[in-house]
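Colleague: The following block contains the structure, expressed as structure tokens.
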Amino acid sequence: MSLVLLQVPVWRDNYAYLLAQGTDAVLVDSPEAGPIEAALADRGWTLRAILNTHHHGDHVGSNEDLVAHTGCRVYGPAHDRDRIPGLTHPATVGATVEVIGLSFRVLDVHAHTRGHICYALDTPVDEVWRWGHDGTATRVARLEQRPLLFVGDSLFLGGCGRLFEGDAADLTAVMATYRAESPEALVCCAHEYTGSNFRFAESVSAGVPAVGERRAQLDEERAASGSSVPDTLGRELSTNPFLLAFEDGPRAHYASALGCAPEVTTVLGALREAKDNF
């Protein structure tokens with residue numbers, strides 16, 4: 001059976017993800033039920049489980065509606081269970097979640113929120129469909145046969161999530177966690193912030209030509225699907241300032257540009273603060 005990843009545009013700039021094997025599907029994050037149910041019906045898939053990355057309403061808002069309509073299971077961070085509506089299966093960091101014949105590793109990526117987790121799937125995906133708010137569902141062959149990282153709001157293309165409940169030390173640990181994953185993996189993030197992220201990245205990354213090159217390619221990247229997401233962790237490692245800050249050359253450049261000490265956590269904190277005010 002083919003393993004199919006379908007991005008689903010929801011709300012204004014959110015993405016949810018349906019991952020299906022045969023007719024059984026799992027949903028990663030659940031902002032609103034309508035577009036999810038429409039996509040399931042269109043594909044002839046049955047929802048078996050929801051995997052929540054964190055508690056924010058634009059990630060768990062339709063849990064209870066979808067459970068009522070489908071009887072699906074709901075997974076979410078065990079250490080933040082009180083903030084995940086409809087939770088039936090608490091997911092413990094370091095454990096695996098088994099759904100529709102797939103095993104997801106549960107990674108601790110708290111910084112955006114204190115309970116944030118990532119679901120890492122090492123099984124290569126056979127089909128990848130990007131689908132943005134201003135485009136149509138488009139299959140992207142270059143993204144196929146790769147593992148998956150469902151990162152929620154902990155990592156974005158060209159950036160990372162705001163530190164609502166964490167600090168720079170937490171952010172450092174999160175970025176180190178992602179740097180340890182396979183660069184072949186797809187970063188399946190939950191928002192289309194790529195344009196603004198790369199405008200900021202280019203403003204602080206004059207010494208990294210690949211950043212400007214990637215920003216220049218965004219319109220072409222989004223032409224058919226309307227989406228730049230997902231993309232490979234390898235591309236992020238060479239263009240995302242929050243991942244590049246672990247490398248000596250870019251880190252020294254960022255420290256100079258931001259007027260801070262050239263230590264990883266200090267630079268990451270300064271980058272996040274600068275992005276907040278960009």
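Colleague: So how many residues does the stretch 43-76 have that are modelled with pLDDT under 95 and basic (Lys, Arg)?
Modeller: Within the stretch 43-76, residues that are modelled with pLDDT under 95 and basic (Lys, Arg) number 0.
Colleague: Being under 21 Å from residue 23 (Cβ atoms), in contact (Cβ under 8 Å) with a residue 12 or more places away in the chain and among the charged types (D, E, K, R) is the filter here; which residues of the stretch 66-110 pass it?
Modeller: Within the stretch 66-110, just 73 meets the criteria.
Colleague: Next question. Tell me whether the stretch 63-84 contains one or more residues that are part of a loop (DSSP other than H, G, I, E, B), within 28 Å of residue 171 (Cα to Cα) and in contact with an Asp or Glu (Cβ under 8 Å, 6 or more places away or on another chain).
Modeller: no
Colleague: Is the stretch 256-265 home to any residue that is in contact with a strand residue (DSSP E or B) (Cβ under 8 Å, 6 or more places away or on another chain) and surrounded by fewer than 16 Cβ atoms within 10 Å (Cβ to Cβ)?
Modeller: Residues of the stretch 256-265 that are in contact with a strand residue (DSSP E or B) (Cβ under 8 Å, 6 or more places away or on another chain), as a first pass: none.
No: zero hits.
Colleague: Could you list, in sequence order, the residues of the stretch 115-136 that are in contact with a Lys or Arg (Cβ under 9 Å, 6 or more places away or on another chain) and either within 30 Å of residue 173 (Cα to Cα) or surrounded by 19 or more Cβ atoms within 10 Å (Cβ to Cβ) (or both)?
Modeller: 115, 118, 119, 120, 121, 122, 124, 125, 128, 129, 130, 132
Colleague: Further, regarding this structure: Looking at the stretch 1-54, which of its residues are assigned to a loop (DSSP other than H, G, I, E, B) and surrounded by 20 or more Cβ atoms within 10 Å (Cβ to Cβ)?
Modeller: Passing the criteria: 29, 30, 31, 45, 52, 53, 54.
Colleague: How many residues does the stretch 85-107 hold that are assigned to a strand (DSSP E or B) and either under 18 Å from residue 46 (Cα atoms) or touching a Phe, Trp or Tyr at 6+ places or on another chain (Cβ under 9 Å) (or both)?
Modeller: The number of residues fulfilling the criteria is 12.
Colleague: Still on this model: Return yes or no: is residue 125 over 20 Å from residue 221 (Cα atoms) and outside any strand (DSSP E or B)?
Modeller: Considered against the rule, which asks whether it is over 20 Å from residue 221 (Cα atoms) and outside any strand (DSSP E or B), residue 125 comes out as yes.
Colleague: How many residues, within the stretch 155-205, are over 21 Å from residue 19 (Cα atoms) and of a type in the set (Asp, Glu)?
Modeller: Total meeting the criteria: 4.
Colleague: Among the listed residues 161, 195, identify the single one that is surrounded by fewer than 19 Cβ atoms within 10 Å (Cβ to Cβ), of a type in the set (Gly, Ala, Ser) and either modelled with pLDDT under 95 or out of contact with any Pro (no Cβ under 9 Å at 6 or more places or on another chain) (or both).
Modeller: 195
Colleague: Test residue 29 against the criterion of being at pLDDT below 95, under 25 Å from residue 192 (Cα atoms), out of contact with any Pro (no Cβ under 9 Å at 6 or more places or on another chain) and not β-branched (Val, Ile, Thr), and give yes or no.
Modeller: no
Colleague: Let me ask something additional. Counting only residues that are part of a helix (DSSP H, G or I), of a type in the set (Val, Ile, Thr) and touching an Asp or Glu at 6+ places or on another chain (Cβ under 7 Å), how many does the stretch 207-247 have?
Modeller: Count: 1.
Colleague: Considering only residues that are surrounded by fewer than 21 Cβ atoms within 10 Å (Cβ to Cβ) and in contact with a helix residue (DSSP H, G or I) (Cβ under 6 Å, 6 or more places away or on another chain), which ones fall in the stretch 232-242?
Modeller: Correct list: 237, 238.
Colleague: Ok, one more. Is it true that residue 229 is modelled with pLDDT of 95 or more, closer than 29 Å to residue 32 by Cβ, buried (at least 20 other Cβ atoms within 10 Å of the Cβ) and in contact with a Leu (Cβ under 9 Å, 6 or more places away or on another chain)?
Modeller: The answer is yes for residue 229.
The values are calculated or read from the model by the stated rules, or taken from the named source; none is laboratory data. Note that the coordinates shown come from a computational prediction; the quantities given were computed from them, not determined experimentally. Heads up, the Cβs are rebuilt from the backbone with ideal geometry, glycines too, and the neighbour counts pull from every protein chain shown.
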